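Down below is the structure, laid out as structure tokens.
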Amino acid sequence: MSDKRQRARVQGSWAQQRPRPSRTTVQNSQPSSWGSGPQRTPRTFEFQQPDKPIREVPAETVIEEAGVHEISQGPSGVSRLRLIPGFLPPHEADWIFSKLLAELPWSQKTNYREGEAYDEPRLTCWFGELPYTYAKSTMTANTQWHPLLLTLRDAVSHHTSSSFNSLLCNLYRDGHDSIGWHSDDEASLGEKPTIASLSLGDTRVFSLRKQPPPEEDGDYTYVQRIRVPLSHGTLLLMEGATQDDWQHRVAKEYHDRGPRINLTFRTIYPEPEGHRPGTRLRFTAKQM
Ligand SMILES: O=C(O)CCC(=O)C(=O)O
């Protein structure tokens, strides 16, 4: 929890239990030491009512149940998660995990932020007829789909009644690998994209936080937050306005975690005319 969020939570819960003093003036009329030192000027303390009401930090909710979860409804539309634990039975998931771990062309991508290069804290590979640009670096088109990935793509499409022409694969080698807060909102993904994310290997927590309204000036202290533990064989769909109104991440963990593969099936469109590759439809801070 960020310092500011933690302070807001402590303040909120204490402030409700304490009796509120009315306007009080305390005179410091302590005599000087031994009655012989220099006289002190009396100091006054005045209780000031805070000018803004104290705000509660909303508690984080956890989604673990299979089914459709409407997470928000706003001007940009409904944001929805669909969770399907056990999409792959454990013995199939075990076999697929070891094949993909050993056989996919994993590599570490270099991204750019404010002109500075940094290596992503995970390995990735990309499949699709079009390139994919994010964080100012491009994954080149790759039509050499591993046959297992084509089978999985068909199974996911069939189950979700959505079609996907591309796949970003992420490999989190251990608990130190991560992906930072971001939205999958590049123009090449189109408006209101459906993204299907299949998890294999160790369980990691997928977190979401709502975009703050403009008057909060980018402050996420009071926004809604959700955690979704993603276990071996689970399929998660992000639908509707989820990429407009929410950000997501998989944070580093400080206890041991085994490797995890995440396959995110997407549909990529040619970049709209006049758009620089990787440009978002709307600006959000992207630190991946
Ligand atoms: O690993 C995950 O579950 C999330 C991956 C992700 O956010 C992404 O590829 O954009």
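For region 143-185, the convex hull drawn through the C-alpha positions has a volume of 130 cubic angstrom per residue. Averaging 1/r over every pair of different alpha carbons in region 40-138 and inverting the result gives a Kirkwood radius of 20.4 Å.
When the scattering of region 84-205 is computed by the Debye formula from its Cα atoms alone, each counted once and equally, what is log10 I(q)/I(0) at q = 0.09, 0.10, 0.17 Å⁻¹? Scattering profile of region 84-205, log10 relative to I(0): -0.27, -0.33, -1.03.
Whole-Hz Karplus values for region 112-121 come out as 9, 9, 6, x, 9, 7, 8, 7, 5, x Hz, taken residue by residue from phi with 6.51 cos²θ - 1.76 cosθ + 1.60 and θ = phi - 60°; glycine and proline positions read x.
What size of dipole, in debye to the nearest 20, comes out for region 61-266 about its Cα centre when the only charges are +1 on Lys and Arg C-beta atoms and -1 on Asp and Glu C-beta atoms? Don't skip to the answer; put the middle values down first.
Values: 20 positive and 28 negative charges, 75 e Å.
My answer is approximately 360 debye.
Can you pull the Rg over Rh of region 61-266, Cα-only, Kirkwood? Before the final figure, lay out each step's value.
Details: Rg = 16.5 Å, Rh = 17.6 Å.
So for region 61-266, dividing Rg by the Kirkwood Rh gives 0.94.
Every number in this text was worked out from the coordinates using simple rules, so none of it is lab data. What you see is a predicted model, and the numbers here were worked out from it, not measured in a lab. Ideal geometry is used to build each Cβ from the backbone, glycine not excepted, and the neighbour counts take in all protein chains shown.
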